[in-house]
Amino acid sequence: MSLDALALAVQLPGFSGTTLAPEVAALLGEGLGGVCLFGANVGGSLRDLTDAVHAAGPGAIVAVDEEGGDVTRLHPDEGSPVLGAAALGRVGDLALTRRTARAVGAELAAAGVDLDLAPVADVNSNPDNPVIGTRSFGARPQPVAAHVVAWTTGLQEAGVAACVKHFPGHGDTAQDSHVALPVLDRDRAQLAARELVPFAAAVDAGVAAIMTSHILVPAIDPDLPATLSRPVLTLLRDRLGFDGVVVSDALDMAGASAGRGIPEAAVLALAAGADLLCLGADKDVALVREVQAAIVAAVGSGRLEQARLEDAVRRIAALRGRVRPEPMAVEELADARLSLVLDGTLPPLAGARVVTVETPATIAVGDVPWGLPADVSVTPDDYDAWRAVADGSPLVLQVRDLHRQPWARCVVDHVAERAGVPVVVVEWGWPGPWESGLPRIRTHGWSRPGAVAVTELLREAGWDR
């Protein structure tokens, strides 16, 4: 990828209107990283708009701030149809928080959105905070962390990448970074005990992206706001172990660009370790070109390493790869969980390998996807193919209509006798009589919601995929 293309691929501007202007489509065709939608973009068919974005730039990210409650872009006229963070935190039901996020995710996915700039992970410890407030799940770090994990999990289960914000924590501030540079005046121990707790929990939960804040944290960097600070973003990478996409908050906010301008803020953010640069709402092509030119010039002068740009683009591409564009409905997920039956007790499944026993489908079913992604497949011609993954890890054997396939029953018995490790059978077809001593999960047929439900059940036993 050329340097000019790299400098476009890290940008995420907003734009005007409810349709895609030709000049924005042209930028997407050149490799613009994506676009961020705001309320002013919602008015016509949102799916038509996002389809146009993806057609113009097949790898482009479509992002939006859809937090629920007070902050909604999809429902600017009638208001959000779901509870916001503070209300969910007050209820204190993590299952409700997760279901709420799944509902948000299902709507976003249906609208063609890839990345939701939510949830807010800030601990709103300052009741006078003018910008966080009800966007936060609460004033104590542990409950906030639990709800952040639940919301993140629900959203990503629905097929939309989550972006928790605003690192390293905007909750204990008395100014709004849209118009000023707030200061978080806490020492490192206090930050670790409160501000960082929800972010660390989100990282452990597999959040796809984390957004920075335009606040000054003197205990870590007395000179630059977090978005532009290498020490702050190094803390995120090295201490919290985050390897996903670091997204900047909008660079048109005063906390980032006052006195230096958006192009310079973009260069500093990239040098600090940010990957995807939100420019703000209603940005024209001229600004994108200015930012592109500033990035190219910074590489040419040695202020910014091209390898840093390449690393950012690699992370953005990985984010695209984890997005499922057509997730299952929330109701289907709940129904799939109800349809599962576990015969016996699952053993510890950390590191388990998946073995597919290839059984033919009925004529009516035909050649369609089924099962979980497998490490190896066993066929009638090769009973011992499973040995390719026999490294001492537990085995998950997935089958269809096992009771109708004598050879497949022999394979299951063969593996159970010789593997010397815990073995679990997942039956994706009609569950017949079960006389084996092996634990069995009955799914009553394959579907994407069913696959998610089985995955969750296996994870409860320690499976780490």
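Quick note: the coordinates plus some simple rules give every number you see, no bench work behind them. As the structure is a computational prediction, the values presented were derived from the model and not from experiment. Methodologically, a virtual Cβ is constructed for each residue, glycine included, from the backbone with ideal geometry; neighbour enumeration extends over all protein chains shown.
Details
- Considering only region 330-460, percent of DSSP beta bridges that pair antiparallel, nearest 5: 20 percent
- Fraction of beta bridges assigned by DSSP in the chain that are antiparallel (%, nearest 5): 15 percent
- Per-residue HN-Hα couplings for region 224-240 [Karplus 6.51, -1.76, 1.60; θ = phi - 60°; Hz; x = Gly/Pro]: 10, x, 3, 4, 9, 9, 4, x, 5, 6, 5, 4, 5, 6, 7, 7, 8
- Where GluC sites (Glu not before Pro) fall in DSSP loop in region 249-314, at most 16 other Cβ within 10 Å: Glu305
- Region 3-322, relative contact order [Cα under 8 Å, separation at least 6], %: 18 percent
- Dipole-positive endmost among Pro373, Leu349, Gly445 within region 330-460 (Cβ charges, Cα centre): Leu349
- Surrounding net charge for Ala390, when Lys and Arg each add one and Asp and Glu each subtract one, Cβ distance under 11 Å: 0
- Loop-resident sites, region 209-300, for trypsin sites (Lys or Arg not before Pro), counting at most 16 other Cβ within 10 Å (DSSP): Arg260
- Spin-label proximity, Arg188 to region 234-274 - amide N less than 19 Å from point 7 Å beyond Cα toward beta carbon: 234-242
- Here is how the number arises for the chain: DSSP H runs of 4 or more residues each give -39500 (n - 2.57), the sum is divided by the residue count, and the result at 222 nm is -11000 deg cm²/dmol.
- The equivalent ellipsoid that matches the C-alpha gyration tensor of the chain spans semi-axes of 43, 24, 22 angstrom, in descending order.
- Dipole orientation for the chain: of the candidates His75, Leu108, His54, Leu108 has the Cα lying most toward the positive pole (charges on Cβ; Lys, Arg +1; Asp, Glu -1).
- Relative exposure of Ser301, Ser16, judged by other C-beta atoms within 10 Å (fewest first): Ser301, Ser16
- Compared with the dominant Cα axis of the chain, that is its longest principal axis, helix 306-322 is turned about 50°.
- In region 371-465, GluC sites (Glu not before Pro) in a DSSP loop with at most 10 other beta-carbon atoms within 10 Å: Glu435
- Rounded to the nearest 20 debye, dipole of the chain from Cβ charges on Lys, Arg, Asp, Glu: 680 debye
- Over region 139-293, Cα pairs under 8 Å with separation of 6+ residues give a relative contact order of 23 percent.
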